[in-house]
1. Please name all residue pairs, on different chains or six or more residues apart, with Cβ atoms under 8 Å, provided the first residue is in the stretch 22-38 and is small (Gly, Ala, Ser) and the second residue is buried (at least 18 other Cβ atoms within 10 Å of the Cβ).
2. Please go through the stretch 313-331 and give me each residue that is in contact with a His (Cβ under 7 Å, 6 or more places away or on another chain), buried (at least 19 other Cβ atoms within 10 Å of the Cβ) and of a type outside the set (Val, Ile, Thr), ordered by number.
3. Which residues, taken from the stretch 266-299, are under 26 Å from Ser143 (Cα atoms), charged (D, E, K, R) and either in contact with a Leu (Cβ under 6 Å, 6 or more places away or on another chain) or touching a residue at least 24 places away in the same chain (Cβ under 8 Å) (or both)?
4. Need the failing condition index for Gly290 against (1) surrounded by 20 or more Cβ atoms within 10 Å (Cβ to Cβ); (2) more than 20 Å from Thr316 (Cα to Cα); (3) at pLDDT below 95, just the number.
5. Being among the polar types (S, T, N, Q), on the phi < 0 side of the Ramachandran plot and either at pLDDT below 95 or out of contact with any Cys (no Cβ under 9 Å at 6 or more places or on another chain) (or both) is the requirement here; does Thr321 meet it?
Amino acid sequence: MNVTELTCQLVGYDSVSRHSNVPLMDYLEVLLKQLGFEVERVAYQDEQNVPKASLVAKKGDSQRDGFALIGHCDTVPADDWDTDPFHAHETNGRIRGRGSCDMKGAVAAMLVAASRYQEREFQRPLYLFLTSDEEVGCMGARSIVDRSSIFHEATIPCGLIGEPTMLEVVHAHKGVVLFTATTEGRAAHSSTGKGVNANLQMIPFLMEMKNLHDWLTTDPQFRSSDFDPPYPIWNIVLSDGETAANVTAPRSICKIGFRPMPGMDTDAIIEQVERHAHAHEIKLDVWRVGEPIMTSVDSHIVQQALQITGKTHPITVPYGTDGVVFGSHMNLVVLGPGSIQQAHTVDEWIALDQLHRAVDIYCRFIEVFCLE
């Protein structure tokens, strides 16, 4: 298998999270079976009733502790590209296309690495978790944890998530909690004074959310120099449907993306938001996507990862991964080809040398954790 060709093939499938990923997963399921994996499909419909699927694959008959390689197959949209974002091509030592860096290149590298070993060589099983909807709340990872028979029958002490880290060893990242606050008003021509402005109802709650933002981003108890930025993220997004200035807004929506630090009392922050919502008669939905991960620097997986990559110390990253779901079930490192600076950008790309190095590194993980 050629990692360049396979990356281009995977990029060729439009698996933007709002679309169905079933065609891509059909292709990957056939490929995994050709590589000798037992494959389980975990299918579901998302909130818009779009068919989705994640794949759980196992290679090796042993019931001993296994090792997991984890990657998501959905991408963010590419509506603002001037060229076809799903026509991947190689030029100047790079593959360009939506998802090439985040993270179909890493998935391709995992598959190429796995293809180099016969089933009879495995002393401990290798697992591949290929997920959907990571970009919109890790619903594919959640479906695996909730419904996969292979996952529940397995003993997997540790795993690797292939998000782009420039092949640095990441041992910790923040968690993800999403809040949606909604107020309802009544539309009317603003000159009549007959409407009820939902934005005005939202303002007192917004003031409390601004205070929470200031507290979380400045109080020393929440700061850690291990992270950049060194505080929890509290991102506030507002919408009233672009109501015209001469109309009273019938609905106001405040969305907050909260990224708690490892060790934080996330429950206490959620309770504060709920209390403020109740006090101001705000409808509030809370989606606890997942917890931060913090794998000990002294753990077996981190120490082996450092040895395999030749690095002297692990790092942290501010973004989240499927680890917010899988991290409560196994020790994890995040380690993948490409730079996060290229993820989600127009003309997204990944360097070929990163892909080839990733194949070699993933091979070494398979040898250490599954073959030796």
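1. Gly36/Lys59
2. Pro314, Gly320, Asp322, Gly323
3. The initial filter retains those residues of the stretch 266-299 that are under 26 Å from Ser143 (Cα atoms), namely 266-267, 270, 284-295.
With the extra rule that they be charged (D, E, K, R), the set shrinks to 267, 285, 288, 291.
Correct list: Asp285, Arg288, Glu291.
4. (2)
5. Working: among the polar types (S, T, N, Q): yes; on the phi < 0 side of the Ramachandran plot: yes; either at pLDDT below 95 or out of contact with any Cys (no Cβ under 9 Å at 6 or more places or on another chain) (or both): no.
Criteria not met by Thr321.
Matching residues to (1) in contact with a strand residue (DSSP E or B) (Cβ under 7 Å, 6 or more places away or on another chain); (2) hydroxyl-bearing (Ser, Thr, Tyr); (3) not assigned by TED's automatic domain parsing to the domain that holds Gly71:
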| residue | (1), (2), (3) |
| --- | --- |
| His276 | no, no, yes |
| Gln307 | no, no, no |
| Gly310 | no, no, no |
| His313 | no, no, no |
| Val317 | yes, no, no |
| Phe326 | yes, no, no |
| Asn331 | yes, no, no |
| His344 | no, no, no |
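The values are calculated or read from the model by the stated rules, or taken from the named source; none is laboratory data. Small disclaimer: the values here were computed from a predicted structure and weren't measured. For neighbour counting, all protein chains shown are included, and Cβ atoms are generated from backbone atoms with ideal geometry for every residue, glycine included.
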